[in-house]
1. Given segment 152-258 reduced to its alpha-carbon atoms as identical point scatterers, what log10 I(q)/I(0) does the Debye formula return at q = 0.15, 0.21, 0.23 Å⁻¹?
2. Rounded to the nearest whole Å³, what is the per residue volume of the convex hull around the Cα atoms of segment 121-199?
3. Once every DSSP H run of n ≥ 4 in the chain is given -39500 (n - 2.57) and the sum is divided by its residues, what mean residue ellipticity at 222 nm do you get, rounded to the nearest 500 deg cm²/dmol?
4. Considering segment 328-389, what Rg and Dmax in Å follow from its alpha-carbon atoms?
5. Dipole of the chain, Cα-centred, from +1 at each Lys and Arg C-beta and -1 at each Asp and Glu C-beta, to the nearest 20 debye?
6. Projected onto the charge dipole of the chain (+1 at Lys/Arg Cβ, -1 at Asp/Glu Cβ, origin at the Cα centre), which of Ile109, Ala8, Thr213 gives the Cα projection farthest towards the positive end?
7. With all distinct Cα pairs included, what does the Kirkwood hydrodynamic radius of the chain come out to in Å, to one decimal, could you say?
8. Angle, helix 291-304 long axis vs. longest principal axis of the chain, Cα atoms, 0 to 90°, nearest 10?
Amino acid sequence: MDKQTTIAAFETHVSAGKAEFFKKHGMDFIMGAREGVWIHDIDGKKRLFNCHSNGGVFNLGHHNPEIVDTLRTALDDLDIGNHHFMSQERTGLAKQITDSMPGDLDVCIFGVGGGEAVDLALKLAIGHTKRSTIVSANGGFHGHTGLAMAVGDAQYRDPFGVHAGNMVQVPFNDVPAMQAALTPDVAAVILETIPSTLGMVMPEPGYLQKVRTLCDANGTLLIIDEVQSGLGRTGKLWAFEHAGITPDMVIIGKGISGGIYPISVTVIREPLDNIFKKNPFIHISTYGGAELGCRVAQKVMAMSSDKAFLNRVNEAGESVRTGLEEIKAKYPKFFTGIRQRGLMIGLELRDNYAGPALTKAAYDQDLLMIYANNDMSISQFLMPLIVTDGEIHWALERLDKAMNAARKLRTALMAKEKGGAFINRFSGND
Ligand SMILES: Cc1ncc(COP(=O)(O)O)c(C=O)c1O
């Protein structure tokens, strides 16, 4: 199917809204060939440097040859497996993951996507504590499934008329607000280590430790969502390691797929599986922890936890920082700050028009980067972790040009806005 036929059929059979949006803004890109940091349009006329990495799915780049080989080899003897039986592949992966975690985070339950893994964590927390309230962060994002959606931003459930139930939200980094929210009915607090959709907000020193202490004092479980921040993105395997805390549950998704085979994991402390000890078949995910996916994830774990790999992420983070500081100095009114840990980066921009303007200007400069939907003044900047120095140099040169163009585009957007033509339509809601 050629590009125009694909677009027409996509409009009819997949999403008319998306087709219309991308055509209107000259971004009608359809992914064809892909490799490393690059994705190419199927018509061969444009390529994009992926500075979004689907929020970490492509931490190891597109079509990583080691991951592809692992899947190819796995296909010689495995398939999805059977979710009822015990499994060598699930056991191997669970052992690798739990060995990498502190304390008694000893049990892994597998799913397919991040939202599913969050839903399970919240369901377990409510069941285990026999309490019904969950506290999360304003503007946080944990997925679009049932309970995960309920603890996220209202903009993703209000259009469907879905009500949040006993879900309370507090500002991230606000200790007194957290303290006030922790009533005796709170089963769990769920937080992203670094909230991405909120614009890569860095936890203030001591914040996560304080939340841990408050949870302990209240008999509340602490669930840490590492769907985006995990697997080396911040220069440590798990981002919560920077705070030195041990969560009660950890959510893993996106990057654990190697960009090749969907899989997610809810890691829990041993006593939290009591419900399953009584009835091991009351939670099922037919494809969760598919054996082919486990083999891929084992390889991802091995690659991402390698010391040299993590050192390289930190080193790459430093080179990116140097380049970003130079660009910031050129456009100080437009590009106002840098939020960064390793290669988890958010660019602080002038205002809510600037994020969408930069997304479009960057696209025109062959960079895929998306503004944070719950704070549109921030542009997410998430290069694949395998990025080379040469690629960093190339991307920063283009980013410089994009910043320049985005300043003008912002003015045009402000004039056109009120209609929200671009704003609020194409968003980094992950
Ligand atoms: C922090 C975080 N948690 C959970 C999810 C949900 O993952 P999924 O889209 O695989 O359901 C996302 C997705 O973007 C995420 O960014």
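We did not get these values from a lab; they are worked out from the coordinates using the rules stated. Keep in mind the model is a prediction, meaning the values are calculated, not measured. Because the Cβ atoms are built from the backbone with ideal geometry, glycine has one as well, and the counts that use them run over all protein chains shown.
1. Debye curve over Cα of segment 152-258, log10 I(q)/I(0) at q = 0.15, 0.21, 0.23 Å⁻¹: -0.67, -1.21, -1.36.
2. Details: hull volume 6.8 nm³, N = 79.
Value for segment 121-199: 86 Å³ per residue.
3. Numbers: 13 runs with 167 residues, N = 430.
Estimated from H runs of four or more residues: -12500 deg cm²/dmol.
4. 11.4, 32
5. On the way: 43 positive and 48 negative charges, 219 e Å.
The calculation lands at about 1060 debye.
6. So the residue furthest toward the plus end is Ala8.
7. Numbers: mean 1/r = 0.0450 Å⁻¹.
22.2 Å is the Kirkwood radius here.
8. Tilt relative to the chain: about 70 degrees.
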